[in-house]
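Below: the structure, in structure tokens.
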């Protein structure tokens, strides 16, 4: 039987390198694997459909799914996960001493619908009673003017969101036009140590560990997607991809515990791994549906509450047919 030729596009994670270098193969496929920054991957996948398989932002995916068939069908291989307490940067001259002080402030975001921002807005709602409508949102490119949404929003009339295509979030924060910025990437004005800009949580590690202890949630940012026309013709591809990406992640996980000669260039990587397992359990970066059901259901609720999805989705409808949590490798 001939192999199915596919191009897979993702960022260059440790958990996908066994697929890139051929240590892990995708059953039934002849793979061309290319890596690129996630913003480029999303743009080329969502707007141009260039790749048969691609990393996809999960918040935009949920928005599209709530409206009907999506350009890509999701697989529960969660390539990017990250707590986002570290991703909020504030002016120190605006009376912001903690999250509760963000109510009524002017906050910039690269995209209102992006996963990182959706998660932090949900945190503000659940922990501090600050709804999305209680903040004045400004959407703009972080370092380059202009950035567009992947899918339409579902915001009510008069919602406090404006777009700026003439400037950048980093410049507006540095110039004092914004009170803060939520961004997955670090604004250059923070990297250059602007004297009036700091993180909302200087000790974000402690805040994130406390959040996980309370909620059990390790936020999902990105999943893997199969372009719908390919999936419709080759339903078996979902299981083949899930098995391969899970196997690749397990190979990467094993490198954390190598002590004879460190494979990862951090002197205390073993201690960090042990500390993470103690706090989050051995399968802290889990793939599959069942281990992530609470996290996925929370994402669906946040998406609907924040004017993103047009209806609240169920976990069961998010992924390719078949319970991929039960796929064995």
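The values are calculated or read from the model by the stated rules, or taken from the named source; none is laboratory data. This one's a predicted model, so the numbers in the text were calculated from it and none came from an experiment. We place every Cβ from the backbone using ideal geometry, glycine too, and count neighbours over all the protein chains shown.
Per-residue answers, yes or no, for (1) closer than 20 Å to residue 171 by Cα; (2) touching a strand residue (DSSP E or B) at 6+ places or on another chain (Cβ under 9 Å); (3) at pLDDT below 95; (4) not in a helix (DSSP H, G or I):
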site: 101; (1), (2), (3), (4): no, yes, no, no
site: 104; (1), (2), (3), (4): no, yes, no, yes
site: 107; (1), (2), (3), (4): yes, yes, no, yes
site: 111; (1), (2), (3), (4): yes, yes, yes, yes
site: 124; (1), (2), (3), (4): no, no, no, no
site: 130; (1), (2), (3), (4): no, no, no, yes
site: 138; (1), (2), (3), (4): yes, yes, no, yes
site: 145; (1), (2), (3), (4): yes, no, yes, yes
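Okay, residues lined up against (1) under 19 Å from residue 288 (Cα atoms); (2) over 16 Å from the mean Cα position of the chain (by Cα); (3) at pLDDT below 95:
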{"residue": "13", "(1), (2), (3)": "yes, no, no"}
{"residue": "31", "(1), (2), (3)": "no, yes, no"}
{"residue": "34", "(1), (2), (3)": "no, yes, no"}
{"residue": "38", "(1), (2), (3)": "no, no, yes"}
{"residue": "50", "(1), (2), (3)": "no, yes, no"}
{"residue": "56", "(1), (2), (3)": "yes, no, no"}
{"residue": "60", "(1), (2), (3)": "no, no, yes"}
{"residue": "69", "(1), (2), (3)": "no, yes, yes"}
{"residue": "75", "(1), (2), (3)": "yes, no, no"}
| message | Given the options 173, 178, name the one that is part of a loop (DSSP other than H, G, I, E, B), outside the structural domain of residue 40 (by TED's automatic domain parsing), crowded, with 22+ Cβ neighbours inside 10 Å and at pLDDT 95 or above. | response | 178
| request: Starting from residues that are surrounded by 19 or more Cβ atoms within 10 Å (Cβ to Cβ) and within 20 Å of the chain's Cα centre (by Cα), keep the ones in segment 184-199 and report whichever is farthest from residue 128 (Cα to Cα). | output: 187
| query | Can you pull out the helices (runs of 4 or more DSSP H) entirely within segment 10-70 that have at least 2 residues that are closer than 27 Å to residue 311 by Cβ? | reply | 38-48, 58-67
